Amino acid sequence: MENGIVDGCANFSALNCIDLSNPDIEQSVSLLKQACLDCGFFYVVNHGISQEFMEEVFAQSKRFFDLPLSAKMKLLRNEKNRGYTPVLDEHLDPENQVHVGDYKEGYYIGVEVPEDDPEAEKPFYGPNVWPEPDQLPCWRETMERFHREALDVARGVARIIALALGLDDNFFNKPEMLGEPIATLRLLHYGGQVTSDPSKGIFGAGAHSDYGLITLLATDDVVGLQICKDKDAKPQVWEYVAPVNGAFIVNLGDMLERWSNCIFKSTLHRVLGNGQERYSIAYFVEPSHDCLVECLPTCKSEKNPPKFPPILCRTYLGQRYKDTHADLNVYKEHRT
């Protein structure tokens, strides 16, 4: 079961599906709560982003990754985590990825904050890095539109999560949280040259849990994502998550697990490459820079006291990014 294969067949996880157009909010809350208690992964459909536009975003993503490496390196990730990340830049599972990092390349796009805005001085805030318009026409406009629409989807999901936690439906959408979020769009490309081999520590993306509140993931039809519902099991059991046309795969992040006092799960997941190219689009949603993450009032009691001390969002995220990404100094020769 190490690769999610049983008797030559892929072992797929059965995930709940949340319909954001469903008028029966209690049904949506029940399905979501069950998913959050069980595995922290679920599908979201009827989210408001058209299939035609999703296909355009994927097409524009492919156009970028088809550029020569020299052109992509001119847009290299900066200290604000905006821009291009080369193959092996990210190292998500150092315990098992002994020699190399992830066999994927990516591109980070955050909330646009002008350089002359005082907020741009904060980590994770600032202007984005963009390809030249004559190089990739309409690319920036497409990504900025998707960023806005995906944030609307995330806020809709956050309302249901709040209700599932016994909170007011607007709890996570307050100004100090998703009113001014650290929301990051990341385009991802897994090349088909390397086939993953867990026994040798070779992965498209090493086993990890996401850092923040929630992640929305759109994928092409190439299977690769796996989840492990019980990270402490020996041996670990890995199940594939099937791509669903028009749906987002949504998972909870470590920050929400921390917020909920471990009642809701942030689940270990990874990507295995099978020799095929694979594209995905991840949208990572975290609260505002200055948000204090502390145990929710509905998630603690005398018998279940808070398991973690309060921490500022910026402090938590800064350490997590530092732990998993290459030091930018390794790319010094590409900046000159």
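The values are calculated or read from the model by the stated rules, or taken from the named source; none is laboratory data. The shown structure was predicted, so the numbers you read here are calculated from the model rather than taken from an experiment. Please note: Cβ atoms are built from the backbone with ideal geometry, for glycine as well, and neighbour counts cover all protein chains shown. For accessibility, only protein heavy atoms count, side chains too; no ligands or nucleic acids. Shrake-Rupley method; radii C 1.70, N 1.55, O 1.52, S 1.80 Å.
Packing-based ranking of 66-72, 302-308 yields 66-72, 302-308, ordered from highest to lowest mean Cβ neighbour count within 10 Å. Spatially, the stretch 20-75 and the stretch 152-188 are offset by 15 Å when compared through their Cα centroids. For the stretch 1-106, the share of accessible area belonging to carbon and sulfur comes to 52 percent (1.4 Å probe, ligands and nucleic acids excluded). Only helices enter this figure: runs of n ≥ 4 DSSP H residues, each worth -39500 (n - 2.57), summed and divided by the residues of the chain, yield -7500 deg cm²/dmol at 222 nm to the nearest 500.
Under 17 Å of direct C-alpha separation, and excluding same-chain neighbours fewer than eight residues apart, residue 234 reaches no lysines at all.
Other residues lying with their Cβ under 10 Å from the Cβ of residue 207 contribute a combined charge of 0, Lys and Arg counting +1, Asp and Glu -1. Straight-line cross-link partners of residue 33 among the lysines, defined as a Cα under 23 Å from its Cα and at least 8 positions apart when in the same chain: 174, 229, 231, 265, 300, 303, 307.
A simple count of charges around residue 87, restricted to other residues whose Cβ falls under 10 Å of its Cβ and scoring Lys, Arg +1 and Asp, Glu -1, yields -3. The overall shape of the stretch 1-111, judged from the alpha-carbon gyration tensor, is oblate: a/c is not under 1.5, and a/b is no greater than b/c.
Using a probe of 1.4 angstrom and keeping all protein chains present, the accessible surface of the chain works out to 46 square angstrom per residue.
To the nearest 10, the accessible area of residue 290 is 80 Å² with a 1.4 Å probe.
Over all other residues within a Cβ to Cβ distance under 15 Å of residue 193, the charged ones net out to -3, with Lys and Arg as +1 and Asp and Glu as -1.
Over the stretch 17-323, what is the percentage of antiparallel beta bridges among all DSSP beta bridges, to the nearest 5? Antiparallel bridges make up about 90 percent of those DSSP assigns within the stretch 17-323. The mean sequence separation of alpha-carbon pairs under 8 Å and at least six residues apart, normalised by the residue count of the stretch 17-323, gives a relative contact order of 21 percent. Backbone phi angles across the stretch 157-172, fed through the Karplus curve with coefficients 6.51, -1.76 and 1.60 (θ = phi - 60°), yield HN-Hα couplings of 5, 4, 4, 5, 4, 4, 5, 5, 9, x, 10, 4, 5, 9, 3, 7 Hz in residue order; Gly and Pro are listed as x.
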